[in-house]
1. If you keep only loop residues by DSSP, which chymotrypsin sites (Phe, Trp or Tyr not before Pro) in region 60-146 have at most 12 other Cβ atoms within 10 Å of their Cβ?
2. Taking DSSP loops as anything outside H, G, I, E and B, show the longest stretch in the chain free of trypsin sites (Lys or Arg not before Pro) there with at most 12 other beta carbons within 10 Å.
3. Can you tell me the Rg and the Dmax, both Å, for the Cα atoms in region 125-241?
4. Using unit Cβ charges (K, R positive; D, E negative) and no other charged atoms, how large, in debye to the nearest 20, is the dipole of region 137-243 about its Cα centre?
5. Could you sort 173, 199 by accessible area so the largest value comes first, with the probe set to 1.4 Å?
6. How high is the relative contact order of the chain? Use alpha-carbon pairs under 8 Å, at least six apart in sequence, and give a whole percent.
7. Give the lysines reachable from residue 57 as a straight Cα distance under 18 Å; neighbours fewer than 8 places away on the same chain don't count.
8. Report the one residue of 9, 141, 19 whose Cα lies farthest in the direction of the positive end of the charge dipole of the chain (charges on C-beta: Lys and Arg +1, Asp and Glu -1; origin at the Cα centre).
Amino acid sequence: ATAQTEEPTQAVGFDIFASSDADHSDVLKLGLTYDFAYTDLEHYQGIRLETFTFTAKGTRTTTKLRGYYDFAGTGDRWKWNGAIGTDGHSVLGNGSFYTDEAFRQEYFASRDLVETPLGVRHELYSTFVGAAYDVPLDDRNTITALAGVQKFDGDNWRLHLRGRYIYAVEPDWGLSLQLRTRYFQNSSPHEYDYFSPRWYFEAVPTIQLRRFYQRWQYTVAVGWGARRDADMNWRSAALAEASVVSPSFGQDWYMKAGFTYSDMPVSAGYAYSYEQATVSILKKF
């Protein structure tokens, strides 16, 4: 575990999350965090206020205010972080309990609003619990696996299975080749307007590069593969990811940002496009 070498101080942070899909469903989340006990990125307690704004074609814009208690800590072997809060209608949040060992284990849970027109209008929520493992085979080969169950408001239960094979082509460069696979199965297909065929499968060969420059971490990944579900035959699947994570800079400032593109459908309209961007800034004082 990472040892705490400083006395807790305080920190403030600001973050932005934005997503959009080809059905013109847009989400914007603006968050403001105050950590009243902050040591580092693995040890803190605080509160977070967030505005959630949802806009979809043909519907009114919906804005909700959310509040959370944020926390993170470490023990001798295990680490944890999470947030628990509410939007005034339901409990929301997420939590993760994990190790940073070579054989990495993670157990997690999350609960959030279903971000589709019917989900927002009728205040439908889903709860997702699961476990993930990283299994190193040798110095260059690693397998990761995730299994989870997601319960949607209504009758639908979704089984998630994900796997990833990673081959480190050039470890010193941070260059790897990956095969990313995903399968899920719904107990009540097409119950609402989120994408929910009886089953879905995708396999996406991906190349990833992770580099450090002056302690800043940069990651880029692109993939192209195939997908199929119970309602449609094989078709292409694509993804693109980019992120940057800073060390401490200036007077204890931290920053991270990311962008994700996928052409997996997220709504019942089978529109193949989803983009997501996040930026967060933290200032310790």
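The values are calculated or read from the model by the stated rules, or taken from the named source; none is laboratory data. Just so you know, these numbers come straight off a predicted model, no measurement behind them. Please note: Cβ atoms are built from the backbone with ideal geometry, for glycine as well, and neighbour counts cover all protein chains shown. For the accessible areas, the whole protein counts, side chains as well, though only heavy atoms, and no ligand, DNA or RNA atoms are used. Shrake-Rupley method; radii C 1.70, N 1.55, O 1.52, S 1.80 Å.
1. Those satisfying the criteria are 103.
2. In short, 78-214.
3. Using the Cα atoms of region 125-241, the pair Rg, Dmax is 16.8, 51 Å.
4. Working: 14 positive and 12 negative charges, 38 e Å.
Dipole of region 137-243, to the nearest 20 debye: 180 debye.
5. Values: 173 140, 199 80 Å².
Per-residue accessible area, sorted high to low, gives 173, 199.
6. Across the chain, relative contact order equals 13 percent.
7. Cα-Cα hits under 18 Å: none found.
8. Most positive-ward Cα: 19.
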